[in-house]
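Undergrad: Below is a structure I'd like to ask you about.
The values are calculated or read from the model by the stated rules, or taken from the named source; none is laboratory data. Keep in mind it's a predicted model, so treat the numbers as computed, not measured. When we count neighbours, we look across all protein chains shown, and the Cβ atoms used for this are built from the backbone with ideal geometry, even at glycine. Each accessible area value is taken on the protein alone, full model and side chains, heavy atoms only, with ligands, DNA and RNA left out. Shrake-Rupley method; radii C 1.70, N 1.55, O 1.52, S 1.80 Å.
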Amino acid sequence: MLSKPLFKNHSQEAFEKIVPVVGELTAENLDFTPTVLHDITKNVNVIFHSAATIKFNSLLKTAIDINVLGTLRTIELAKKIDNLSAYVYLSTAFCNSNNRGLILEKVYPSLRDPYEMMKLAKTPNILPENTNDSSVKEIIGAHPNTYTFTKQLAENLIVKEMTGMPVAIIRPSVVYGTYEHPVEGWVGNANSGHLGFLAGYVKGVFRTMTGNPSSVIAIIPCDYVINSSLAMAWYVGTRSIYQPEVIHCTSTHEENSITLKELCDTFNKSAAVHPCDTFLWKPHCQLRNSFRYTLFFYLFHILPAMIVWIPEKITGLGKRRMSVLDAMKVFDRGTKAFDYFMNQDFQYSVKNSLRIMSMMTKSDAERYCFDAVQCNWNELILRCFRGIRMFYFKESADTTMRHKIIRKVYVY
């Protein structure tokens, strides 16, 4: 981890402060050894809880175990710490996607009790083992998936367990690569979320998107999320907090928003500026819905995957790793889960977020900015495309005349 370009500007002295420990998120005391547990309770002051299963289509039991029970275990640890200054929980802006209208920076009551759900998850053969089971929908209600359902449960659990403690809840939206710090356009993992789509798009593989063109897409750079986490640890750690302090870390409708159509257009413009060394087709994407989306998905996504899959099958390469066709099936499931958010138009209040930023010193507010108004979306996408090329595909860092010529001669 520390050998990645993300940490290239850190000193050896900084690295020596890091003490990795092995544990199990759902186990009592996180399955730490007595020595590790003692060291943590005596020496740690701040907890950042960001561990979660972020798969939208996780089994309900899995999502409860990791996202709810796992959160309970970190809360139990926090209560054992001698001098706890701050507990910062990374939630998601989509945890209240079962609501409509303006979503405020507060914890909304969950339809189900988090303790009841953890109890059900422990009981064998109670929860369905199929995500598409009708009983899952009965349990999660208006939530689109088990991820948003369990993240809302975890927030309610924090309120019930940590009243009077220095707690912050941060709700990021769709997280892209870094905007500025510590390097521009860092993309460490493009295997999930919308960055997974971008990784396929820049290679010319993914060529169609679906959704409401006028929907405002709530995106945020990764470093803004980290900045908000650090700032909230400072905020709750330096004043008396009774209820968890909640902020949204996302773009808003009121200022500096971007619609799905604008985002798609920006993709196409940015791909021309920073093309990859190689690609299957010239990157280009269009918004399509209903039958046209299904047609183009199979025509331009599945069919090319089949063309590659056949030689894999003949040569036996597909047996040693995930085949391209299998990868496309995974992508299909992932995009169908994500399509829900592409067709919505969620509105988020950021009043509390801006209020807390206004309390920071001028230099801190600049260095640890998490105000989406300060982000240029076109520039963010450009940096992400270059980052995907450099950091994910390990291709050349500079865009040369060769890249431009190759892109010119490629056909759609």
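Undergrad: Here are some residues: Phe48, Phe7. Which one is in contact with a strand residue (DSSP E or B) (Cβ under 6 Å, 6 or more places away or on another chain) and either touching a residue at least 24 places away in the same chain (Cβ under 8 Å) or open to solvent by 60 Å² or more (accessible area, probe 1.4 Å) (or both)? Break it down stepwise before answering.
TA: On the way: Phe7 fails: in contact with a strand residue (DSSP E or B) (Cβ under 6 Å, 6 or more places away or on another chain).
The unique qualifying residue is Phe48.
Undergrad: Are any of the residues in segment 121-130 of a type in the set (A, V, I, L, M), in a helix (DSSP H, G or I) and surrounded by 19 or more Cβ atoms within 10 Å (Cβ to Cβ)? Quick ask: steps written out before the conclusion?
TA: The initial filter retains those residues of segment 121-130 that are of a type in the set (A, V, I, L, M), namely 121, 126-127.
Adding the requirement that they be in a helix (DSSP H, G or I) leaves 121.
When the remaining residues are screened for being surrounded by 19 or more Cβ atoms within 10 Å (Cβ to Cβ), the result is 121.
Yes, because at least one residue in segment 121-130 is of a type in the set (A, V, I, L, M), in a helix (DSSP H, G or I) and surrounded by 19 or more Cβ atoms within 10 Å (Cβ to Cβ).
Undergrad: So, in segment 86-104, of the ones that are touching a Ser or Thr at 6+ places or on another chain (Cβ under 9 Å) and open to solvent by 30 Å² or more (accessible area, probe 1.4 Å), which residue ends up nearest to Ile170 (Cα to Cα)?
TA: Leu104
Undergrad: Is it the case, given these coordinates, that Glu76 is part of a helix (DSSP H, G or I) and open to solvent by 40 Å² or more (accessible area, probe 1.4 Å)?
TA: Details: part of a helix (DSSP H, G or I): yes; open to solvent by 40 Å² or more (accessible area, probe 1.4 Å): yes.
The answer is yes for Glu76.
Undergrad: For residues that are of a type in the set (Asp, Glu) and in a loop (DSSP other than H, G, I, E, B), scanning just segment 5-28, find the one that is farthest from Lys394 (Cα to Cα).
TA: Residues of segment 5-28 of a type in the set (Asp, Glu): 13, 16, 24, 28.
Then keep just the ones that are in a loop (DSSP other than H, G, I, E, B); that gives 16, 24.
Working: Glu16: 28, Glu24: 32 Å.
Restricting to residues being of a type in the set (Asp, Glu) and in a loop (DSSP other than H, G, I, E, B), the top hit is Glu24.
Undergrad: In segment 216-232, is there at least one residue being among the aromatic types (Phe, Trp, Tyr), farther than 17 Å from Asp345 by Cβ and in a loop (DSSP other than H, G, I, E, B)? Spell out the reasoning first.
TA: Let us first name the residues in segment 216-232 that are among the aromatic types (Phe, Trp, Tyr), namely 224.
From what is left, the residues that are farther than 17 Å from Asp345 by Cβ are 224.
Keeping just the survivors that are in a loop (DSSP other than H, G, I, E, B) gives none.
No - not one qualifying residue is present in segment 216-232.
Undergrad: Out of the residues in segment 233-248 that are of a type outside the set (A, V, I, L, M) and part of a helix (DSSP H, G or I), which is surrounded by the fewest Cβ atoms within 10 Å (Cβ to Cβ)?
TA: Residue satisfying both the conditions and the ranking: Gly237.
Undergrad: Take Arg100 and decide whether it is among the charged types (D, E, K, R), under 23 Å from Ala51 (Cβ atoms) and assigned to a loop (DSSP other than H, G, I, E, B). Lay out the reasoning, then the answer.
TA: Details: among the charged types (D, E, K, R): yes; under 23 Å from Ala51 (Cβ atoms): no; assigned to a loop (DSSP other than H, G, I, E, B): yes.
Considered against the rule, which asks whether it is among the charged types (D, E, K, R), under 23 Å from Ala51 (Cβ atoms) and assigned to a loop (DSSP other than H, G, I, E, B), Arg100 comes out as no.
Undergrad: From the list Thr71, Thr41, Thr35, which one is surrounded by fewer than 16 Cβ atoms within 10 Å (Cβ to Cβ) and either at pLDDT 95 or above or of a type in the set (A, V, I, L, M, F, W, C) (or both)? So that I can check it myself, show each step before the final result.
TA: On the way: Thr71 fails: surrounded by fewer than 16 Cβ atoms within 10 Å (Cβ to Cβ); Thr41 fails: surrounded by fewer than 16 Cβ atoms within 10 Å (Cβ to Cβ).
That would be Thr35, the only listed residue that is surrounded by fewer than 16 Cβ atoms within 10 Å (Cβ to Cβ) and either at pLDDT 95 or above or of a type in the set (A, V, I, L, M, F, W, C) (or both).
Undergrad: I've got another one for you. Just name the residue that is modelled with the lowest pLDDT out of those in segment 217-232 that are out of contact with any Leu (no Cβ under 8 Å at 6 or more places or on another chain) and open to solvent by less than 20 Å² (accessible area, probe 1.4 Å).
TA: Of the residues in segment 217-232, the ones out of contact with any Leu (no Cβ under 8 Å at 6 or more places or on another chain) are 218, 220, 222-224, 226-228, 230-232.
Right, trim to open to solvent by less than 20 Å² (accessible area, probe 1.4 Å) and you get 218, 220, 223-224, 227-228, 231-232.
Values: Ala218: 90, Ile220: 95, Asp223: 96, Tyr224: 97, Asn227: 98, Ser228: 98, Ala231: 98, Met232: 98.
By that ranking, first place goes to Ala218.
Undergrad: So, one more: Would you please name the residue that is modelled with the lowest pLDDT, looking only at residues in segment 256-308 that are open to solvent by 40 Å² or more (accessible area, probe 1.4 Å), in contact with a strand residue (DSSP E or B) (Cβ under 8 Å, 6 or more places away or on another chain) and assigned to a helix (DSSP H, G or I)?
TA: Result: Phe300.
Undergrad: When you look at Ala63, is it of a type in the set (Gly, Ala, Ser), surrounded by fewer than 18 Cβ atoms within 10 Å (Cβ to Cβ) and not in a loop (DSSP other than H, G, I, E, B), yes or no? Talk me through it step by step, then tell me what you get.
TA: Values: of a type in the set (Gly, Ala, Ser): yes; surrounded by fewer than 18 Cβ atoms within 10 Å (Cβ to Cβ): no; not in a loop (DSSP other than H, G, I, E, B): yes.
No; evaluated as a whole, the condition is false for this residue.
Undergrad: May I ask you to list the residues in segment 105-120 that are part of a loop (DSSP other than H, G, I, E, B) and open to solvent by less than 90 Å² (accessible area, probe 1.4 Å)?
TA: If we filter segment 105-120 for residues that are part of a loop (DSSP other than H, G, I, E, B), which is where we start, we get 105-113.
Glu105, Val107, Tyr108, Ser110, Arg112, Asp113 - these are the residues of segment 105-120 that are part of a loop (DSSP other than H, G, I, E, B) and open to solvent by less than 90 Å² (accessible area, probe 1.4 Å).
Undergrad: Name the single residue that is farthest from Cys375 (Cα to Cα) among those in segment 256-294 being charged (D, E, K, R) and within 22 Å of the chain's Cα centre (by Cα). Break it down stepwise before answering.
TA: So in segment 256-294, the residues charged (D, E, K, R) come out as 261-262, 265, 269, 277, 282, 288, 292.
Now restrict to residues that are within 22 Å of the chain's Cα centre (by Cα): 261-262.
Numbers: Lys261: 18, Glu262: 15 Å.
The residue in question is Lys261.
Undergrad: Return yes or no: is Val136 among the β-branched types (Val, Ile, Thr), open to solvent by less than 10 Å² (accessible area, probe 1.4 Å), part of a helix (DSSP H, G or I) and touching a residue at least 60 places away in the same chain (Cβ under 8 Å)? Working first, answer last.
TA: Values: among the β-branched types (Val, Ile, Thr): yes; open to solvent by less than 10 Å² (accessible area, probe 1.4 Å): yes; part of a helix (DSSP H, G or I): yes; touching a residue at least 60 places away in the same chain (Cβ under 8 Å): yes.
It is true that Val136 is among the β-branched types (Val, Ile, Thr), open to solvent by less than 10 Å² (accessible area, probe 1.4 Å), part of a helix (DSSP H, G or I) and touching a residue at least 60 places away in the same chain (Cβ under 8 Å).
Undergrad: So, one more: Could you check how many residues of segment 350-366 are in a helix (DSSP H, G or I) and either surrounded by fewer than 14 Cβ atoms within 10 Å (Cβ to Cβ) or free of Cβ contacts under 8 Å to residues at least 40 places away in the same chain (or both)? Talk me through it step by step, then tell me what you get.
TA: Kept after step one, since they are in a helix (DSSP H, G or I), are these residues of segment 350-366: 351-358, 362-366.
Restricting the remaining residues to those that are either surrounded by fewer than 14 Cβ atoms within 10 Å (Cβ to Cβ) or free of Cβ contacts under 8 Å to residues at least 40 places away in the same chain (or both) gives 351, 354-355, 358, 362-363, 365-366.
Qualifying residue count for the region: 8.
Undergrad: Name the one entry in Arg402, Arg389 that is basic (Lys, Arg), in contact with a His (Cβ under 8 Å, 6 or more places away or on another chain) and at pLDDT 70 or above. Show your work before the answer.
TA: Numbers: Arg402 fails: in contact with a His (Cβ under 8 Å, 6 or more places away or on another chain).
Selected residue: Arg389, the only one of Arg402, Arg389 that is basic (Lys, Arg), in contact with a His (Cβ under 8 Å, 6 or more places away or on another chain) and at pLDDT 70 or above.
Undergrad: Which of the following residues is assigned to a helix (DSSP H, G or I), modelled with pLDDT of 90 or more, within 22 Å of the chain's Cα centre (by Cα) and of a type in the set (Phe, Trp, Tyr): Tyr179, Tyr147? Spell out the reasoning first.
TA: Values: Tyr179 fails: assigned to a helix (DSSP H, G or I).
Only one candidate qualifies: Tyr147.
Undergrad: Follow-up. Failed condition for Asn191, given (1) modelled with pLDDT of 85 or more; (2) assigned to a loop (DSSP other than H, G, I, E, B), with all others met?
TA: So the condition that Asn191 fails would be (1).
Undergrad: Give me the pairs, please: first residue somewhere in segment 12-38 and on the phi > 0 side of the Ramachandran plot, second residue anywhere and assigned to a loop (DSSP other than H, G, I, E, B) and open to solvent by 50 Å² or more (accessible area, probe 1.4 Å), beta-carbon distance under 6 Å, and either six or more positions apart or on two chains.
TA: Matching pairs, first to second residue: Asp31/Glu24.
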